[in-house]
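K.L.:
Following this message is one structure expressed as structure tokens.
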Amino acid sequence: AVFLILLGMGMPTPAVYIMGAALLAPVLRGVFNLPEMQVHLFMLYFACLSAVTPPVAVANFAAGAIAGVNPMALGPYAVKLAIGGFILPFYFLFNPGLNMEGGVLYIAECVIFAIAMVTFASFAMQGYLGLRRIAWPLRLLLFACGGDGIAALRHHARRDASRRRGASVCSAARPPNAGRCCRPIARRRRAPAVSASC
């Protein structure tokens, strides 16, 4: 993620994605055994987020020109507002349920945890709930709720990794002719015994 953000400071989004897909995608797929679509979505997401991170922050300069304020002063506020965007890519990287992969209950569980985690983290970082300023005890509580979402992320990641390892072990241990119907072997009939006459 840091590599993609640093590349995005001086390169456009398509070039950052291509560099990340060429250099980092094989590493993530080989080390963590992640699906290809999730890895490439992660690369594209952080390639787009590089526009709001200082010191370059191209989007901040555009917003500063429209609002008539200093673009460099918008950097911390932009990062606060986009904190959910920095957390969400890690969530769908290890949880394919956000990509609508898996059963209905699994997808619903991943979506609910993702919405809760992003919402709590955004409120806690910004310090406002609507037009009211949030007191520090409530902000700490929201941070704790976001931490629970991260703990749920780790639980989902470990469970999915164990499932993938189990599936790979089963496919490797399965013989190539497993599942094929074997033809029944005809049993040899024994010849009837002939009694010798005296």
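Here, each number is a calculation from the coordinates, and none is a lab measurement. Given the structure is predicted, the values throughout are model-derived calculations rather than measurements. Don't worry about glycine lacking a Cβ; one is built from the backbone with ideal geometry, like all the others, and counts go over all protein chains shown.
K.L.:
Once fully extended, how much extra length lies between residue 61 and residue 2, figured as 0.36 nm per residue of separation less the alpha-carbon to alpha-carbon distance?
P.N.:
That works out to 19.1 nm of additional length.
K.L.:
Put a dot 7 Å past each Cα toward the Cβ at residue 23 and residue 80; how far apart are the dots in nm?
P.N.:
Taking the two extended label points, one gets 3.3 nm.
K.L.:
Return the sequence-ordered ³J(HN,Hα) values of region 63-73 in whole Hz as given by the Karplus equation 6.51 cos²θ - 1.76 cosθ + 1.60 applied to θ = phi - 60°, using x for Gly and Pro.
P.N.:
So the Karplus estimates, Gly and Pro as x, are 5, x, 5, 6, 7, x, 10, 6, x, 5, 6 Hz.
K.L.:
Which parts of region 70-86 would a label at residue 141 reach, counting a residue when its backbone N lies under 20 Å from a point 7 Å out along Cα-to-Cβ?
P.N.:
none
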